[in-house]
Amino acid sequence: MTEFLHYIFGNDIQAGLLVVLNLIIIESLLSVDNAAVLATMVMDLPVHQRSRALRYGIIGAYVFRGLCLIFAAWLVQIWWLKPIGGLYLLFLAYSYFKGKSTPDDPTDDYVDKKSNWLYRATLGTLGQFWATIALVELMDLAFSIDNVFAAVAFTDRIQLIILGVFIGILAMRFVAQGFVQLMERFPFLENIAFLVIAILGLKLSLSAVTHYFPQSLLALMVDGEMADLYTSILTVALFVLPILSAYFFNWPNRKD
């Protein structure tokens, strides 16, 4: 049993468990945000079609995340994909905070279906419902890629990535409502989630340094199990400490 746990979590079981916990938190928080985006995409459908469209979206999310787990096993083997993924995560965080800088713009949190090439290409042949489904599945694929890059930034151990993302997939179905309530009570969690995405993007981007200068001090700081542990501790602290501060001192402001 001990050998099996070491095979899954590595030499430091506690550090491995912390990585998995982070993966579950990130997967769940991003899934809530993803679900909110998908919900806006089906609002122009007739009421009786909306729940069916969202159900297809959930199925697509399961399928694409499963496929991305296979992609993760490939990703950890190819060094140059990591800095590319890191830059992608940094771009996501930049786009999010740039959108937040224009709070008066009501379109920040919505997807303009009519301006999307896939929706326009399929609307005439498939009709509004199936064109919407095609766009929902495209968004599911994009969200799945986001999550797998975030997972790889935490650790190179494919066993931990599979375990964390798999539990996160289950959380999409069974814990999503709890995270919705948590984010409603502490709205700043969404900002923190994308701050963590930026940190993970920076960590992945620095993998280029570890490849070309493996003996440098920066490479030794970024690479290895201790780096995974420190990253996990930092991200947990970024989530937990503001919640405790908001709960006891109302800072950050829970109503903001």
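Peptides 149-159, 39-49 ranked from most to least packed, by the mean per-residue count of other Cβ atoms within 10 Å: 149-159, 39-49. Could you tell me which of P252, A237, A142 has its Cα farthest along the dipole of the chain towards the positive end, charges placed at Cβ (Lys, Arg +1; Asp, Glu -1), taken about the Cα centre? Checked the options; the winner is A142.
How high is the FRET efficiency between L217 and L241 when r is their beta carbon distance and R₀ equals 30 Å, given to the nearest 0.05? Let's see the in-between values first.
On the way: r = 28 Å, r/R0 = 0.93.
My answer for the efficiency is 0.60.
From the Cα gyration tensor of the chain, with a ≥ b ≥ c the square roots of its eigenvalues, which class applies: rounded if a/c is under 1.5, or else prolate if a/b is larger than b/c, or else oblate?
Numbers: a/c = 1.72, a/b = 1.44, b/c = 1.19.
Cα axes put the chain in the prolate bin.
Counting only lysines at least 8 places from K82 when in the same chain, those with an alpha carbon closer than 30 Å to its own are K98, K100, K203. Placing unit charges on the Cβ atoms only, positive for Lys and Arg and negative for Asp and Glu, gives the chain a dipole magnitude near 500 debye about its Cα centre. Normalised per residue, the accessible area of the chain is 55 Å², obtained with a 1.4 Å probe and no contribution from ligands, DNA or RNA.
Where only DSSP H runs of four or more residues are counted, the chain gives -27500 deg cm²/dmol as its mean residue ellipticity at 222 nm, each run worth -39500 (n - 2.57).
The values are calculated or read from the model by the stated rules, or taken from the named source; none is laboratory data. Because the structure is predicted, anything quoted here is derived from the model rather than measured. Counting neighbours? That spans all protein chains shown, and the Cβs are built from the backbone with ideal geometry, glycine included. Note: areas computed on protein heavy atoms with side chains; ligands, DNA, RNA excluded. Shrake-Rupley method; radii C 1.70, N 1.55, O 1.52, S 1.80 Å.
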